[in-house]
């Protein structure tokens, strides 16, 4: 096709004419201005409004082009856009007179869009519409890329390449904006934006041709004033991942060109059809039986569905191996819609739409028929496929026929007929498949049932006498008419044809199957309900084959069985809800005639009272679960261990109880733990009309204990035991007090009686009796230990004695010859009569106390800590307490010895412990009122041979505090405390008081920390402390004496015995010389005495020490400290019992020097003489 060149004025007028709305022009100008960068000379954009459209929908593409004349030396550019044939067909352009001037349509169906830009017409913006039809053979996208766009610039720009070709270009992708509908600004001239006309715009006045060369390089007529670029382009390409826009930037001879494109994807789906194949059994209009299938294919709604080009339905019919088709050519009779072989019908397909036809049919193997059908329309499919199983084209294998002739039932020969269908749908070059199949189970009997015609040659009648055992209908429950009888007791009638092994139920369907249209036999019941008859039952018939005319004579046997329709539950099993039981006698027996008997029923009741209180949980939810498990287990065990007896006028009958329970039993457990059992459907009378007596007995089966339900027998469904101890069991006790004539029977349970299930078990009791009297076990009292018990959970005050067979309390005598006696009682009842656990206890009775006390528990001593505890056991719980505490709280009066516990008899004599406190400080006796002294009690074992004393700590430390010391109690103050004479083991103890604290005005004065143990009492003496008297600190020492015979402790606090005095001789203006000093003392201001002397030599040294006077009781020493300086130490032995006023003074020649006047023993300052 020839390309045309259009002048600038014509192109500008055509592209910017009245065909484009002003709002679109404004939008195009606005977006173009924003998209063209300052360094880009030419911009071409091909951008769809959406990323994808559906086949049949319109897709909009915005075509824009810009020429930057401010930067570029390009004065004109030609642009061609190539569309592939399918894209060109999708372009929605009407045919105009001069349409070829804008679109260059090619012979191969493709097309080129052509336009120019120049310095006067710099911009182009045009909306193009594409529609891909739904019926397209193959889907495709509108995909215009860089290879489809040819840009040819013209102008004087060759030198620009040397500067621009090395630059890096931006590949940023501008966003695609939705055109604004606002009125464009008046400053935007309408001629600035050229446009290519679309069907939605005004028709072209004149359309310039867009030329597309036949090769990749366009051949464009070049004006003589312009030279196109010949430089090698430099290109950069990118794709925006967010909107799939592809951007290409290239330099052509120094001209920068940017091209942006995006794909318009076209989507569509092949329509889906819901294919289903089902089986239907029915006869066609001609009365020929057939196997029928229904094939349906329904189109599913889909918004993006493509137009269907064609559909193909393939069907395959498969037969069982013993049923085959003659392998001959199959033909399709379009008139009758039947598949035939040599004119004989084999199958039929109905419901075929007009656009559908059978394209092929064949028998691929003896068991397979294949059919293919095709259609072009898209309507739904509803076909009926029928196989005529009576057609002579279908054959039964000889092996099967032979087996049936030899006695194999025709019903036992089974097989399957399968119809599989596959629907293939094709649209736009794509295909989908849907498939389904249906299977029909068949038997040989279904194929043979119409093959022969029966002729009945002999008949008979069945008759039964009816007997009603209901004491002349005393309960008014007998049927009133024959119709009611048949509703409640219609018999079951069956027949068997010679050669067949199974009985066949007499129904209309089965009668027609074997005997065709012959008259059916009828049931008749007499008006007095005394007889039932079944008339005209065939006993012989002849069957003739319709195919080969062969005949066969067979005998028929009939059976009429008594039924009770009232007993039938919804599940088809008997529920014994009817008013009568039935019994049939085929011959006279024990005076009862042959016939059917209807025996009035009764409901047999008896109670099972469960005395198992200790097994029942306290929680309501747990109780419900327990009763479910227990009830199930109990019914199982009773069913297996017990026999059910019927005593009739003809003798006793025995049945396993589980057979009677099945379907008959219903039980309700009441609040008193009684299971009220009801057995429905029990005969009220025997066949002679005499009342029936029922009883239940343990069958004594091997490996079981008679009238006992054991631990191993009573288990839940998971195998977990119901009872709590392997030695426990439930004893069955029978009480028939309320049953007439059987009140004294105790080895069986009669109807209306009560079975007691008494929880039983045995246990033993063991405890220990101990004596804690190591000091003197010779006076142990005699006595006895009695066994008592009370219900677990009750208060211990409810205990009562346990008696033996003679009625005597079970007792064990105390053994006083051993320190530890084991108390044992065996074979004790574990449970009380209600099934509660017994709590067994022992009570001790002593003939005399002999100073013994009861300690409930075992006494333990920790030697390291000296801690004594009692380990007791109360009602199964271990209890620990500090010795000698006794039971307290709710057990304060509990004097029972429990199983596993210990009762200790301990010597409990008391001893009074005395301590005396004496102050040896008479001078300061009135100054002690603010002094406080603490005495602490210690102990040791008598005869232990040690002088180690331990602080009393059980149950607490023992201390006494003395205060208010005055002159009138100078002789001493006493403390006393009564203490146990014996320790936890009965060993005699010795107690002693020790002074452990002295305080004045609340402040401690010098005692060490109170020791836990005093290893040596002698070392505890001479503890020193100081008290303030009259402004001076006076030292004291504490001494402790103990009289073991009397147990009296005496503590002395006395003033210390020695004093130090320092004497210094000073010489003032006198030549030193030897000198002697005499020491004197005045006692109480009355008595004077000379104690001794000491001398200094002329050099100031001490000569011969201190020379005491004879009979001086207080030793005095002199110690040289330095020249002319000496220390005198005075021992105040004479002040040991009384600290009185003393004055010490020295005399040298005629000089008297008073050393010290004191009421306290203390060291003086140095005294110069």
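The values are calculated or read from the model by the stated rules, or taken from the named source; none is laboratory data. Everything numeric in this text was worked out from a predicted model, so none of it was measured. Here Cβ is always computed from backbone atoms with ideal geometry, including for glycine, and neighbour counts include all displayed protein chains.
Values computed for the structure shown
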read-out	value
Verdict on residue 555 being in a strand (DSSP E or B), out of contact with any helix residue (DSSP H, G or I) (no Cβ under 8 Å at 6 or more places or on another chain) and under 18 Å from residue 483 (Cβ atoms)	no
Enumeration of residues in segment 1058-1079 that are loosely packed, with under 15 Cβ neighbours inside 10 Å and not in a strand (DSSP E or B)	1066, 1067, 1068, 1069, 1070, 1071, 1073, 1074
Failed condition for residue 774, given (1) outside the structural domain of residue 661 (by TED's automatic domain parsing); (2) touching a helix residue (DSSP H, G or I) at 6+ places or on another chain (Cβ under 7 Å); (3) assigned to a loop (DSSP other than H, G, I, E, B)	(2)
Residue count, segment 851-874 (criterion: part of a loop (DSSP other than H, G, I, E, B) and surrounded by 17 or more Cβ atoms within 10 Å (Cβ to Cβ))	1
Identity of the residue in segment 261-299, closer than 30 Å to residue 64 by Cβ and in a strand (DSSP E or B), that ends up modelled with the lowest pLDDT	267
Tally of residues being within 60 Å of the chain's Cα centre (by Cα) and either part of a helix (DSSP H, G or I) or modelled with pLDDT of 95 or more (or both) across segment 438-469	4
Inter-residue pairs, beta-carbon under 7 Å, first outside the structural domain of residue 531 (by TED's automatic domain parsing) and in segment 491-512, second surrounded by 14 or more Cβ atoms within 10 Å (Cβ to Cβ) and part of a loop (DSSP other than H, G, I, E, B), 6+ apart	none
Single residue of 1046, 1090, 1050, 1082 found to be touching a strand residue (DSSP E or B) at 6+ places or on another chain (Cβ under 6 Å), modelled with pLDDT of 85 or more and either part of a strand (DSSP E or B) or exposed (fewer than 14 other Cβ atoms within 10 Å of the Cβ) (or both)	1050
Verdict on residue 823 being surrounded by 12 or more Cβ atoms within 10 Å (Cβ to Cβ), farther than 30 Å from residue 733 by Cα and either without any contact (Cβ under 8 Å) to a residue 40 or more places away in the chain or not assigned by TED's automatic domain parsing to the domain that holds residue 871 (or both)	no
Output for segment 786-796, where each listed residue is within 30 Å of residue 630 (Cα to Cα) and either in contact (Cβ under 8 Å) with a residue 60 or more places away in the chain or crowded, with 16+ Cβ neighbours inside 10 Å (or both)	789, 790, 791, 792
Residue identified as over 25 Å from residue 833 (Cα atoms), surrounded by fewer than 17 Cβ atoms within 10 Å (Cβ to Cβ) and in contact (Cβ under 8 Å) with a residue 12 or more places away in the chain among 701, 738	701
Residue list for segment 700-716, filter: in contact with a helix residue (DSSP H, G or I) (Cβ under 7 Å, 6 or more places away or on another chain) and modelled with pLDDT of 90 or more	709, 713, 714, 715, 716
Among the residues listed as 855, 841, the single one being in the same structural domain as residue 771 (by TED's automatic domain parsing) and under 30 Å from residue 758 (Cα atoms)	841
Complete set of residues in segment 935-959 that are farther than 17 Å from residue 863 by Cα and crowded, with 18+ Cβ neighbours inside 10 Å	935, 936, 937, 958
Residue within segment 146-158 that is at pLDDT below 75 and touching a helix residue (DSSP H, G or I) at 6+ places or on another chain (Cβ under 7 Å) present	no
Out of 730, 661, sole residue that is crowded, with 16+ Cβ neighbours inside 10 Å and in contact (Cβ under 8 Å) with a residue 40 or more places away in the chain	730
Residue under evaluation residue 1072, criteria (1) within 28 Å of residue 921 (Cα to Cα); (2) touching a residue at least 24 places away in the same chain (Cβ under 8 Å), criterion not met	(1)
Enumeration of residues in segment 762-785 that are closer than 30 Å to residue 712 by Cα and crowded, with 19+ Cβ neighbours inside 10 Å	765
Residue match in segment 935-942 (condition: closer than 28 Å to residue 779 by Cβ, out of contact with any strand residue (DSSP E or B) (no Cβ under 6 Å at 6 or more places or on another chain) and modelled with pLDDT of 90 or more)	no
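For (1) surrounded by fewer than 17 Cβ atoms within 10 Å (Cβ to Cβ); (2) touching a helix residue (DSSP H, G or I) at 6+ places or on another chain (Cβ under 8 Å), each residue gets a yes or a no:
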| residue | (1), (2) |
| --- | --- |
| 605 | yes, no |
| 609 | no, no |
| 617 | yes, yes |
| 620 | yes, no |
| 624 | yes, no |
| 638 | no, yes |
| 647 | yes, no |
| 652 | yes, no |
| 678 | yes, no |
